[in-house]
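The values are calculated or read from the model by the stated rules, or taken from the named source; none is laboratory data. These figures come from a predicted structure and were not determined experimentally. Cβ atoms come from the backbone with ideal geometry, glycine included; neighbour counts cover every protein chain shown. Note: accessible area is taken over every heavy atom of the protein model, side chains too, but ligands, DNA and RNA are not part of it. Shrake-Rupley method; radii C 1.70, N 1.55, O 1.52, S 1.80 Å.
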Amino acid sequence: MKILVINGPNLNMLGIREPDIYGSRNYSGLCSLIESHAAENNIEVKIFQSNHEGAIVDEIQSALNNFDGIVINPAAYTHTSVAILDALKAVSLPAVEVHISDVSKREDFRQISYAGMACEKSYIGLGFDGYLRAIDYLVEKYA
Ligand code: DQA
């Protein structure tokens, strides 16, 4: 099984950005955690991060016929991007949404998730563990 993990804007700043909300571990720590978990489960994983909406749309499109599922934390684009929602719908791959923080307890503008409308499942507020749970969900359902 091949899973594409997509991270949106400012997630490359983990460890530096708002550690009270996102914790003190950095982005490369997140990538190592995901890579070890994938290896333990005998699955292939590609991790992609971009601060640019169009680059994320391009990456989702390129997953078609190349990956079996998508784990996505669109970060701030969660709450604004119909383009990312449409791309997820276009490729029609099983997708799971992840948010490190508990967006349900944060500002009103974070209460809408466009990408989430194209996702089967969401893991919210579980820190880095949410990514591992999302991978487990796809493996259990589709591997
Ligand atoms: C986030 C939550 C978003 O609201 C925010 O814009 C982010 C990160 C999270 O993982 O908790 O950048 O997606």
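Data for the structure
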item	result
Residue list for the range 54-69, restricted to those being away from the ligand (no atom under 15 Å from the Cβ), buried (at least 22 other Cβ atoms within 10 Å of the Cβ) and either under 13 Å from the mean Cα position of the chain (by Cα) or not hydrophobic (A, V, I, L, M, F, W, C) (or both)	ILE60, GLY69
Yes/no for SER92 being of a type in the set (Gly, Ala, Ser), open to solvent by less than 20 Å² (accessible area, probe 1.4 Å), out of contact with any Asp or Glu (no Cβ under 6 Å at 6 or more places or on another chain) and modelled with pLDDT of 95 or more	no
Selection within the range 86-99 - touching a strand residue (DSSP E or B) at 6+ places or on another chain (Cβ under 7 Å) and either under 16 Å from GLY23 (Cβ atoms) or polar (S, T, N, Q) (or both)	VAL98, HIS99
In the range 74-89, the residues that are surrounded by fewer than 23 Cβ atoms within 10 Å (Cβ to Cβ) and not in a helix (DSSP H, G or I)	THR80, SER81
Candidate set: the range 95-141, residues that are part of a helix (DSSP H, G or I) and of a type in the set (Phe, Trp, Tyr); chosen: the one most open to solvent (accessible area, probe 1.4 Å)	PHE109
Among residues of the range 85-116, those that are basic (Lys, Arg) and within 10 Å of the ligand (Cβ to nearest atom), counted	2
Qualifying residue in the range 17-37 (condition: within 14 Å of the ligand (Cβ to nearest atom), hydroxyl-bearing (Ser, Thr, Tyr) and surrounded by 13 or more Cβ atoms within 10 Å (Cβ to Cβ))	yes
Some residue of the range 41-49 being surrounded by 21 or more Cβ atoms within 10 Å (Cβ to Cβ), more than 13 Å from the chain's Cα centre (by Cα) and either closer than 20 Å to TYR137 by Cβ or without any contact (Cβ under 8 Å) to a residue 12 or more places away in the chain (or both)	no
